[in-house]
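What follows is a single structure, written as structure tokens, with notes after it.
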Amino acid sequence: MQLLTKPLNWSLVLVIKLYQKTKRRKYAKCMHYPSCSNYGIMAFRKYPFLKAARLTISRYNDCNPFSNRPYIDYP
């Protein structure tokens with residue numbers, strides 16, 4: 001199963017990096033460290049696809065000033 005998820009993970013890492021290069025910033029500074037996109041890259045490098053996707057989506061949904069998530073948060 002791990003062999004099947006590796007190419008998918010690496011392709012998603014490339015998509016996130018492409019997003020980072022082409023995005024326009026709405027805000028001057030991110031509230032969390034690492035940023036949501038960097039968090040996603042770290043998660044997809046560390047975990048299988050489904051777990052990394054769940055962690056990344058959860059992090060993105062918590063991206064607001066009223067979140068209970070700590071400022072510094074690693075997958």
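Heavy atoms only, probe 1.4 Å: what % of the accessible area of the chain goes to carbon and sulfur, would you let me know? Intermediate values should be presented prior to the final figure.
Values: 3750 of 5960 Å².
Result for the chain: 63 percent of the exposed heavy-atom area is carbon or sulfur.
In what sequence, highest mean first, do 34-40, 62-68 appear when ranked by Cβ atoms within 10 angstrom? Don't jump to the answer; show the numbers that get you there.
Numbers: 34-40: 18.7, 62-68: 9.4.
Answer by packing, highest mean first, reads 34-40, 62-68.
Per residue, how much accessible area does the chain show when a 1.4 Å probe rolls over the protein heavy atoms, in square angstrom? Please list the in-between numbers first.
Details: 5960 Å² over 75 residues.
On a per-residue basis, the chain sits at 79 Å².
Scaled to the compact-protein estimate 2.2 N^0.38 Å, what is the alpha-carbon radius of gyration of the chain, rounded to two decimal places? Please report the intermediate quantities before stating the final value.
Working: Rg = 12.8 Å, N = 75, 2.2 N^0.38 = 11.3 Å.
The chain yields a ratio of 1.13.
The values are calculated or read from the model by the stated rules, or taken from the named source; none is laboratory data. Computed from a predicted model, the values in this text were never measured in an experiment. Reconstructed Cβ throughout: ideal geometry from the backbone, glycine too, with neighbour counts over all protein chains shown. The area values use the complete protein model at the heavy-atom level, side chains included, leaving out ligands, DNA and RNA. Shrake-Rupley method; radii C 1.70, N 1.55, O 1.52, S 1.80 Å.
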